[in-house]
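Here the structure comes first, spelled out in structure tokens, and everything after it is commentary.
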Amino acid sequence: MAVRLMVLQVSAVLAFAALAISFWFLQIAQHPRYQEMAENNHQRTLALRAPRGVLFDRNGTVLVENRHSFNVSIVREHTKDLDRTIRLLSAVAGLDPKQVRQTVERHRSDPIYRPIVVVEDATLAQVAAIAARRLDFELPDVVVEQVPTRQYPVDALAAHLFGYVGEASEDQLGDGITRGALVGQSGVERVYNRLLMGQDGARVVVVNSVGREIRTIEEIPPKEGRRVQLTIDSDLQKAAEDGFRHAGFNGAALIMDPRTGEVLTYVSLPAYDPNDFAGGIDRATWASLNADELRPLQNRAIQGRYSPGSAFKLVVATAALEEGIVTPDFKVNCGGGANFFGRYFLCHLKGGHGVVDMRHAIEKSCNVYFYTLGNMLGVDRIHKWAERLGMTGKTGIDLPNEQESLVPSTAWKLERTGERWYPGETISVSIGQGQVSVTPAAMAMMITTIANGGTRVTPHIVRAVDEGGGWRMATPPVVAESMAFRPETLAALHDGLWMAVNAAGTGGRARIEGRDVAGKTGTAQVISNQGRQAARGSERDLRDHGWFVFFAPKDNPEIAGVIFGEHNEHGYLGAPIARHVIQTYFAKKEGLPLPVLAPPPPAAPEPDPDTAPVEIAPAIAATPAAGAAPGTN
């Protein structure tokens, strides 16, 4: 009996102890949670989304701003039958019930009182239909909120520069970013998201048993994101994009102030409409963008890598002059081609250019001259000066997902393939073919560095930020390297580039009277001659790419950059785009009317001085002992 009484006493003590612990856990440890749930039985806290900061161009023109739109949300706390709500809301608003259900399922772990947004940027017809059903108490658990939504230029101007916004992914949550928040997903919107986001506010309201708002208890207004001024000039941006559309091809352009690295124009075409993302992109639009063979989502200016063609000859010229291998008066006799390592490499001009020096070789884009310089330099010294001119690795521009540019070296090939570099491979590299693969941004860095005399300035997009007390200039230009060229190097390069535009060179379409435009065309094969024959009949676009690098004026340049034409077949076709941008720049500077593009001239066949088969005898086997020429010309 004593044992039984003891067991009974211990059991009673344990039971009461368990009850006491449970009461402590519920009333003390879990007090904030249950207090919040109790308050939300009659109160609701509604988030007030902060408008993102406005983007301006360098002259104060508004580029990206905000507009009012409506979001439709479901509040599960007031839902008696969630499936019925989904079915009815889908029928009223014209939605796909399956997609609505998937949206709700993604947010199952959210607090039950937090609204789940199922329609972003709802139409006025949807809002009116839902409001009518709410008045009839058919959708008491559905709320319509007015929120700020990003508004981009209607013509998709500078789409890849601005980027777009979207709901934060799982990887982006934390550090002030909550589930459902809109954050920058690409471009300036992503890189400067912290500046642009602002701080959300809140409105606390009293609701009745069916979720209808009775009165507002407290309202904390949202704080708008910081205003940001970009380096872009909207008129120059429009001039460049109009130029591409006028010319009828896609590509990229990056035009800078060579003195500061400020990006004046940033183009990647084809583009997309960022407004499609502002209110939540629908599946059909997203699928069509990803399935488009022209890849409109690719930011060609920093993510596309291409052979630079004859524009790369400027790197070889700089290397030869700065290394002291030759002087500007060094002459080569071009008879239409030359033998190197058992192969005959052609120049683009049948019959050759005759005897040319450095300036005239740049002007006429003589392949034989630069084959000779490349052979004298070797690939490692070419790589060294390509790196110093900004054509290897990344440029450091303040945009996301930049790809690295590649100019080969002996160490690179050994590490990549385990094979040594053969001197014959240098011949193709010397005219920008072979394993050379660079972004348009890298080409812009190269010509900018040549334009300013040897200072590699990192390109940047943001000019100033308004923290609430007026504009504050952003970080001063970052000088990656300053290597003042020899005076004779600078003179030879600038003279040759001026002659290429203003004398008998390849860039005559960029000529502007009195502006001393300097430039260089380049046409790069997409595939080798042998590969082109093998791929005949395929759907792949194998037309050549075209380049035009430029600056103006020749002395003390103020504007420099690159025009890249994807599959436009001829480098000189980019020159009119550069011409239009330069004319617009000086017209604005001098207070003159902005130029208007004239109707395009009738198409006529024109010889391209930059493209030609590199080898005359592709059937000859390339042996390592002889020094193989690359398969890509």
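Of note:
- Mean Cβ count within 10 Å, highest first, over the residues of peptides 390-401, 261-272: 261-272, 390-401
- Computed over the Cα atoms of the chain, the ratio of the radius of gyration to the Kirkwood radius (Rg/Rh) comes to 1.14.
- Estimated FRET transfer efficiency (LYS98, LEU26; beta-carbon r; R0 41 Å; 0.05): 0.55
- Inter-probe distance in nm under a simple model that places probes 7 Å from Cα toward Cβ, at THR178 and ALA202: 0.7
- Segment ALA587..ASN59, full-extension length gain: 188.6 nm, with 0.36 nm per residue of separation and the alpha-carbon distance subtracted.
- Positive dipole terminus of the chain, leading residue within MET391, VAL7, GLY354 (C-beta point charges): VAL7
- Multiplying the residue separation of ASP155 and ARG106 by 0.36 nm and removing their Cα-Cα distance gives an extension gain of 14.3 nm.
- Ratio Rg/Rh, restricted to the stretch 234-589 and using Cα atoms, in which Rh is the Kirkwood radius: 0.97
- Annotation: the antiparallel percentage among DSSP beta bridges lying fully within the chain is about 95.
- Over the chain: helical MRE at 222 nm, DSSP H runs n ≥ 4 each giving -39500 (n - 2.57), nearest 500: -10000 deg cm²/dmol
- The stretch 274-384: C-alpha pair distances exceeding 18 Å, %: 62
- In a reduced charge model with +1 at each Lys and Arg Cβ and -1 at each Asp and Glu Cβ, the chain shows a dipole moment near 640 debye about its Cα centre.
- In straight-distance terms, cross-link reach from LYS98 covers every one of the lysines whose alpha-carbon lies under 26 Å from its own, apart from those fewer than eight places away in the same chain; here that gives LYS80.
- Spin-label pair LYS80-ILE325: with each label point 7 Å from Cα along the Cα-Cβ axis, the two points sit 8.5 nm from one another.
- Here THR327, THR455, THR448 are placed in order of increasing Cβ neighbour count within 10 Å, fewest first, which gives THR327, THR455, THR448.
- Peptide packing for 308-314, 429-435, 92-98 was compared via the average number of neighbouring C-beta atoms within 10 Å per residue; ordered from the highest value, the list is 308-314, 429-435, 92-98.
- A simple spin-label model places pseudo-atoms 7 Å from Cα toward Cβ; at GLU167 and ILE220 they are separated by 2.4 nm.
- Ranked for footprinting exposure by Cβ neighbours inside 10 Å, fewest first, VAL10, VAL478, VAL54 give VAL10, VAL478, VAL54.
- Among the listed pairs LYS223/LYS588; LYS238/LYS589; LYS554/LYS588; LYS313/LYS350; LYS384/LYS554, a Cα-Cα separation exceeding 24 Å is found for LYS223/LYS588; LYS384/LYS554.
- With θ taken as phi - 60° and the Karplus curve 6.51 cos²θ - 1.76 cosθ + 1.60 applied, the whole-hertz 3J(HN,Hα) list for the stretch 354-363 is x, 7, 10, 9, 4, 4, 6, 5, 5, 4 Hz, x standing for glycine and proline.
- About the Cα centre, charge dipole magnitude for the stretch 34-180 (Lys/Arg +1, Asp/Glu -1 at Cβ), debye: 200
- Highest to lowest packing among 553-561, 1-9, 43-51, 508-516, scored as the average C-beta count within 10 Å: 553-561, 43-51, 508-516, 1-9
- Length gained when the stretch ASP276-ALA480 is fully extended (0.36 nm per residue, less Cα-Cα span): 69.7 nm
- With neighbours defined as other Cβ atoms within 10 Å of a residue's Cβ, the residues HIS360, HIS160 order from fewest to most as HIS360, HIS160.
- Relative contact order of the chain, defined on C-alpha pairs under 8 angstrom at six or more residues apart (%): 14
- FRET efficiency for SER288 and TRP471, using Cβ-Cβ distance with R0 set to 60 Å, rounded to 0.05: 0.90
Bear in mind these aren't lab numbers, they're just calculated from the coordinates by the rules spelled out. All values reported here derive from a predicted model rather than from experimental measurement. Cβ coordinates were reconstructed from backbone atoms using ideal geometry, including for glycine residues, and neighbour counts include every protein chain displayed.
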